[in-house]
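J.: Supplied in structure tokens, the structure appears directly below.
The values are calculated or read from the model by the stated rules, or taken from the named source; none is laboratory data. Everything numeric here is computed off the predicted structure, so don't read it as measured data. Here the Cβ positions follow ideal geometry from the backbone for every residue, glycine too, while neighbour counts run over all protein chains shown.
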Amino acid sequence: MRYVSTRGAWADTPQSFQSILLEGLAPDGGLAVPQSYPRLAAAELESLRGLGYRDLALAILSRYIDDIPPADLRRIVDATYTAEVFGSEAITPLTTLEPGLHLLHLANGPTLAFKDIALQLLGNLFEYALATSHRTLNILGATSGDTGSSAEYAMRGKHGVTVFMLSPKGRMSPFQAAQMFSLTDANIHNLAIEGTFDDCQDLVKVVTGNNEFKTRHSIGAVNSINWGRVAAQVVYYFAGYFAATRDNVEEVDFAVPSGNFGNILAGHVAREMGLPVRRLILATNENDVLDEFFRTGRYRPRTSAETHATSSPSMDISKASNFERFMFDMGGRDSTIVRALWNELAVTGGFDLAGTPHWARVRKSGFESGRSTHADRIATIRDVHARYGIVIDPHTADGLKVGLECRDAAAPLVCIETALPVKFAATIREALRREPERPAAYEGLEERPQRFTVLPADAGRVMMYIEEHVAAA
């Protein structure tokens, strides 16, 4: 398996997995993608049914990672997906709410968010790759709430790794902010940016797009722009499918809350690999750029001023990075089309595919979409608690609300859980008039001392901070 860029880099020199693992953005500003998706024959798919999560992860990941010796990859996977870290041997257990309606639990990791599934693996892959290449790495990332804590908990204390994490000042929940800012590990740096998540994400792209700075300081990425994260997330779509079905003839719909498009992109990849996924139902909150696209063909990211702060803050995103990978597929995997579209985006602020061959591909891609509001989230949290005795977080509520709107009897519906309710206590109190359950390890979290640096949304200031603290390390 080798990798190319969505914008054409590496076309003549496809890269290995370990090369793109530590790269972040490609030199042309594009994202690393496999040259092709490995397609599973019926017999191969059948061989995966019944495997435990670690064996399933190894079977899927080994199709994307062939430059790590099998025995070493086995050790990395086995060390990552343990009951001690994720609460059970199932890793991503499935709850049946009623016949044909399921909830896939992805938030039982150390930071109580689905990002742990990929980032715990990524931390171990980084440590392995750096040790074998005798390198160090400075990770630059941006978070709207969950990626930051998941990345920092995965990388804290890792040899040869320093993390610089950008987050939008004042726009995360108090629990999310405290998870990150209360860490005291010397290799963790939290930068609270005066702006939105999109500003943070833009800063990461500007800094990592400076190839001289990126090379000189060994800058890598842990955001969902890192293909390793997407590959790890593909696994739980297989696990969820097998848990919700009796055989490989059945099709399944997945309802997925979507912010940066990485979670649902992994479902698209699983479908391209041959998993019998009928529909991928994308749910947005009030920041409905992606819902507008899938309904109309028009892609128009909003400005920072137009991006709403909502009660599902991890989805307060206007520019979804992984959308470029999806458009690479919808453009027939032609990098010239991606370059043209993203040039139009830069010049005019958007593009419209309606009436084009690309839009015809999108319409056949199995995607549907919808949006959710604060009132919808409150109503869904109340309804799920009353009907099934389960408390869900507001992002999962977005997914369930839209999923149920699109539900039909033709296929089971699997809704993706993205976080535990304790991370969004104010919304749970409003919905249920009670405090969400809190794991003992997080008692008093918000009262712990916090360490972070406030910076303006200025790439020069971010680069200056990195230079100062890399030099001091």
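J.: Right, Ala425: assigned to a loop (DSSP other than H, G, I, E, B) and surrounded by 15 or more Cβ atoms within 10 Å (Cβ to Cβ) or not?
T.: Values: assigned to a loop (DSSP other than H, G, I, E, B): no; surrounded by 15 or more Cβ atoms within 10 Å (Cβ to Cβ): yes.
Spelling it out, it is not the case that Ala425 is assigned to a loop (DSSP other than H, G, I, E, B) and surrounded by 15 or more Cβ atoms within 10 Å (Cβ to Cβ).
J.: Are any of the residues in segment 228-242 at pLDDT below 95 and either touching a His at 6+ places or on another chain (Cβ under 8 Å) or not small (Gly, Ala, Ser) (or both)?
T.: yes
J.: A follow-up question, please. Whether any residue in segment 122-145 is under 27 Å from Leu413 (Cβ atoms) and small (Gly, Ala, Ser) is what I want to check. I'd like the intermediate steps shown before the answer.
T.: Here is the first cut: in segment 122-145, the ones under 27 Å from Leu413 (Cβ atoms) are 144-145.
Now restrict to residues that are small (Gly, Ala, Ser): 144-145.
There is at least one residue in segment 122-145 that is under 27 Å from Leu413 (Cβ atoms) and small (Gly, Ala, Ser).
J.: Which of the residues spanning segment 187-216 are at pLDDT below 90 and among the small types (Gly, Ala, Ser)?
T.: Of everything in segment 187-216, just one residue is at pLDDT below 90 and among the small types (Gly, Ala, Ser), namely Gly209.
Each row is one residue, and each column tells you yes or no for (1) touching a strand residue (DSSP E or B) at 6+ places or on another chain (Cβ under 9 Å); (2) exposed (fewer than 15 other Cβ atoms within 10 Å of the Cβ).
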residue	(1), (2)
Arg407	yes, no
Ala410	yes, yes
Cys415	yes, no
Pro436	no, no
Tyr442	no, no
Arg448	no, yes
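J.: Related question: Can you tell me which of (1) surrounded by fewer than 24 Cβ atoms within 10 Å (Cβ to Cβ); (2) in a helix (DSSP H, G or I) is the one Thr147 doesn't meet?
T.: (1)
J.: So, one more: Can you pull out every residue in segment 157-171 that is at pLDDT 90 or above, closer than 21 Å to Leu122 by Cβ and either within 19 Å of the chain's Cα centre (by Cα) or of a type in the set (D, E, K, R) (or both)?
T.: Val163, Phe164, Met165, Leu166, Ser167, listed by residue number.
J.: Out of Leu280, Leu265, which single residue is in contact (Cβ under 8 Å) with a residue 60 or more places away in the chain, closer than 30 Å to Gln15 by Cβ, part of a strand (DSSP E or B) and not basic (Lys, Arg)? Break it down into steps so the answer makes sense when it comes.
T.: Numbers: Leu265 fails: part of a strand (DSSP E or B).
Criteria check complete, one pass: Leu280.
J.: Are there any pairs with C-beta distances below 6 angstrom linking a residue in segment 119-139 that is more than 16 Å from Ser19 (Cβ to Cβ) and at pLDDT 90 or above to a residue that is of a type in the set (Ser, Thr, Tyr) and in a helix (DSSP H, G or I), with the two at least 6 apart or on different chains, and if so which?
T.: Close Cβ pairs (under 6 Å, with a partner that is of a type in the set (Ser, Thr, Tyr) and in a helix (DSSP H, G or I)) amount to Leu119/Ser150; Gln120/Thr80; Leu121/Thr80; Asn124/Thr80.
J.: Further question on the same structure: Just a yes or no: is a residue in segment 373-387 touching a Leu at 6+ places or on another chain (Cβ under 8 Å), touching a residue at least 24 places away in the same chain (Cβ under 8 Å), within 26 Å of Lys319 (Cα to Cα) and surrounded by 15 or more Cβ atoms within 10 Å (Cβ to Cβ)?
T.: Among the residues of segment 373-387, not one is touching a Leu at 6+ places or on another chain (Cβ under 8 Å), touching a residue at least 24 places away in the same chain (Cβ under 8 Å), within 26 Å of Lys319 (Cα to Cα) and surrounded by 15 or more Cβ atoms within 10 Å (Cβ to Cβ), which makes the answer no.
J.: Here's something else I'd like to know. If a residue has to be more than 15 Å from Glu437 (Cα to Cα) and part of a loop (DSSP other than H, G, I, E, B) to count, how many in segment 388-410 make the cut?
T.: Looking only at that region, the number is 4.
J.: Among the numbered criteria (1) surrounded by 18 or more Cβ atoms within 10 Å (Cβ to Cβ); (2) on the phi > 0 side of the Ramachandran plot, which single criterion is violated by Thr310?
T.: Of the numbered conditions (1) surrounded by 18 or more Cβ atoms within 10 Å (Cβ to Cβ); (2) on the phi > 0 side of the Ramachandran plot, the odd one out for Thr310 is (2).
J.: Continuing with this model, one more query. For segment 174-258, give me every one of the helices (runs of 4 or more DSSP H) that falls completely inside it and has 1 or more residues that are among the aliphatic types (A, V, I, L, M). Let's see the steps before the verdict.
T.: Numbers: elements: 174-181, 197-208, 211-216, 227-244.
In segment 174-258, 174-181, 197-208, 227-244 are the helices (runs of 4 or more DSSP H) which contain 1 or more residues that are among the aliphatic types (A, V, I, L, M).
J.: Separate question: Given (1) in contact with a Gly (Cβ under 8 Å, 6 or more places away or on another chain); (2) closer than 30 Å to Ile337 by Cβ; (3) modelled with pLDDT of 95 or more, where does Glu405 come up short, assuming only one miss?
T.: In the conditions (1) in contact with a Gly (Cβ under 8 Å, 6 or more places away or on another chain); (2) closer than 30 Å to Ile337 by Cβ; (3) modelled with pLDDT of 95 or more, Glu405 misses (2) alone.
Table: residues versus (1) part of a loop (DSSP other than H, G, I, E, B); (2) in contact with a Gly (Cβ under 6 Å, 6 or more places away or on another chain); (3) in contact (Cβ under 8 Å) with a residue 40 or more places away in the chain; (4) farther than 21 Å from Ala283 by Cβ.
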site: Ile317; (1), (2), (3), (4): yes, yes, yes, no
site: Ala320; (1), (2), (3), (4): yes, no, yes, no
site: Phe326; (1), (2), (3), (4): no, no, yes, no
site: Ile337; (1), (2), (3), (4): no, yes, no, yes
site: Trp342; (1), (2), (3), (4): no, no, yes, yes
site: Ala346; (1), (2), (3), (4): no, no, no, yes
site: His358; (1), (2), (3), (4): no, yes, no, yes
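J.: Could you tell me which numbered condition Glu98 fails, if it satisfies all but one of (1) more than 18 Å from the chain's Cα centre (by Cα); (2) closer than 28 Å to Glu23 by Cβ?
T.: Of (1) more than 18 Å from the chain's Cα centre (by Cα); (2) closer than 28 Å to Glu23 by Cβ, only one is false for Glu98: (2).
J.: In addition: Do you know which of the residues in segment 245-290 that are of a type in the set (Val, Ile, Thr) and more than 18 Å from Gly100 (Cβ to Cβ) is surrounded by the most Cβ atoms within 10 Å (Cβ to Cβ)? Please lay out each step first, then the result.
T.: Applying the first criterion (of a type in the set (Val, Ile, Thr)) to segment 245-290 yields 245, 249, 252, 256, 264, 269, 277, 281, 284, 289.
Restricting the remaining residues to those that are more than 18 Å from Gly100 (Cβ to Cβ) gives 264, 269, 284, 289.
Values: Ile264: 30, Val269: 25, Thr284: 26, Val289: 20.
By that ranking, first place goes to Ile264.
J.: Sort out which residues of segment 75-114 are closer than 17 Å to Leu61 by Cβ, touching a residue at least 24 places away in the same chain (Cβ under 8 Å) and charged (D, E, K, R), and write them in order of number.
T.: Asp78
J.: Also: Take Ala309 and tell me if it is more than 22 Å from the chain's Cα centre (by Cα) and small (Gly, Ala, Ser). Explain how you work it out, then say what you get.
T.: Working: more than 22 Å from the chain's Cα centre (by Cα): no; small (Gly, Ala, Ser): yes.
The answer is no for Ala309.
J.: Out of all the residues in segment 321-349, which are out of contact with any helix residue (DSSP H, G or I) (no Cβ under 6 Å at 6 or more places or on another chain), among the small types (Gly, Ala, Ser) and either within 25 Å of Gln35 (Cα to Cα) or surrounded by 16 or more Cβ atoms within 10 Å (Cβ to Cβ) (or both)?
T.: Ser321, Gly332, Ser335, Ala340
J.: Working only within segment 379-437, note down all residues that are basic (Lys, Arg) and under 23 Å from Ser144 (Cα atoms). Give the steps one after another, and end with the answer.
T.: At the first step, the residues of segment 379-437 found to be basic (Lys, Arg) are 382, 387, 401, 407, 423, 429, 433-434.
If the condition is that a residue be basic (Lys, Arg) and under 23 Å from Ser144 (Cα atoms), then Lys401, Lys423, Arg429 are the ones that fit.
J.: Would you point out which residue out of Thr162, Thr111, Thr132, Thr136 is β-branched (Val, Ile, Thr) and either crowded, with 24+ Cβ neighbours inside 10 Å or closer than 17 Å to Glu84 by Cβ (or both)? So that I can check it myself, show each step before the final result.
T.: Values: Thr162 fails: either crowded, with 24+ Cβ neighbours inside 10 Å or closer than 17 Å to Glu84 by Cβ (or both); Thr132 fails: either crowded, with 24+ Cβ neighbours inside 10 Å or closer than 17 Å to Glu84 by Cβ (or both); Thr136 fails: either crowded, with 24+ Cβ neighbours inside 10 Å or closer than 17 Å to Glu84 by Cβ (or both).
Unique residue meeting the criteria: Thr111.
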